[in-house]
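Take a look at the structure set out below.
Just so it is clear, none of the values below were taken in a lab; they were calculated from the coordinates. Predicted model, so just to flag it, every value in this text is computed and none were measured. Positions of Cβ are backbone-derived with ideal geometry, glycine not excepted, and every protein chain shown enters the neighbour counts.
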Amino acid sequence: MTVGEWSKSSVEYGRKLVDSGLEGAQEGEEAFLHGEPLAPFLGQAAQKALAPAAVGACLGVVGSRPWSRSRSAGKTITFAVFGGLIGFALGLGWESRRLTASVASGAMKNIEKTRDEHWLERNPIDYA
């Protein structure tokens, strides 16, 4: 096998893996949502993530030490915004963890299936 044939084969196999992973992720999403659209689920998750965002903003204000001598309103607002963003991201991740697990599981199942098929192509089993 030449380098060109090997690289073409490797790229083709990589493409198969990516395609099967994406297909599995979509199947995992559909299995979790049971045919419902994704937008309402994300809307509810975002709404539930507002509480951790508020906590993060409060921690950001406290972290900026507004009581110190060299306090700055801009610094306090910046810390509050970053704390709120971090809190929102963590809250959204927590609220959507079951969806994420279903998507990842579906992707891994399909990737493993594709890997097994590839292995069997390269290592045929002779039952005779």
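Helix 50-63 and the longest principal axis of the C-alpha atoms of the chain enclose an angle of approximately 60°.
Panel values: region 29-79, Kirkwood radius from alpha carbon pairs, Stokes-Einstein at 20 °C and 1.002 mPa s, translational diffusion coefficient 159 µm²/s. Phi angles of region 20-34 translate, via the Karplus equation with coefficients 6.51, -1.76, 1.60 and θ = phi - 60°, into HN-Hα couplings of 5, x, 5, 5, x, 5, 5, 5, x, 5, 5, 5, 6, 7, 6 Hz per residue; Gly and Pro are given as x.
Placing a pseudo-label 7 Å from each Cα along the Cα-to-Cβ vector at Asn123 and Leu59 gives an inter-label distance of 4.7 nm.
Could you give the angle, 0 to 90 degrees to the nearest 10, between helix 97-122's Cα long axis and the longest principal axis of the Cα atoms of the chain? Helix 97-122 and the main axis of the chain meet at about 20 degrees. Which of the following values of percent of Cα pairs over 24 Å apart was calculated from the structure shown: (i) 22; (ii) 41; (iii) 57? After the calculation, the listed value that fits is (iii). Ranking Pro52, Tyr127, Gly63 by Cα position along the charge dipole of the chain, where only Lys, Arg, Asp and Glu carry charges on their C-beta atoms, puts Gly63 farthest toward the positive end. Magnitude of the charge dipole for region 9-122, about its Cα centre and with charges confined to Cβ atoms of Lys, Arg (+1) and Asp, Glu (-1), is about 1060 debye. For region 1-71, chymotrypsin sites (Phe, Trp or Tyr not before Pro) are listed when DSSP marks them as loop and at most 14 other Cβ atoms sit within 10 Å of their Cβ; the list is Trp67.
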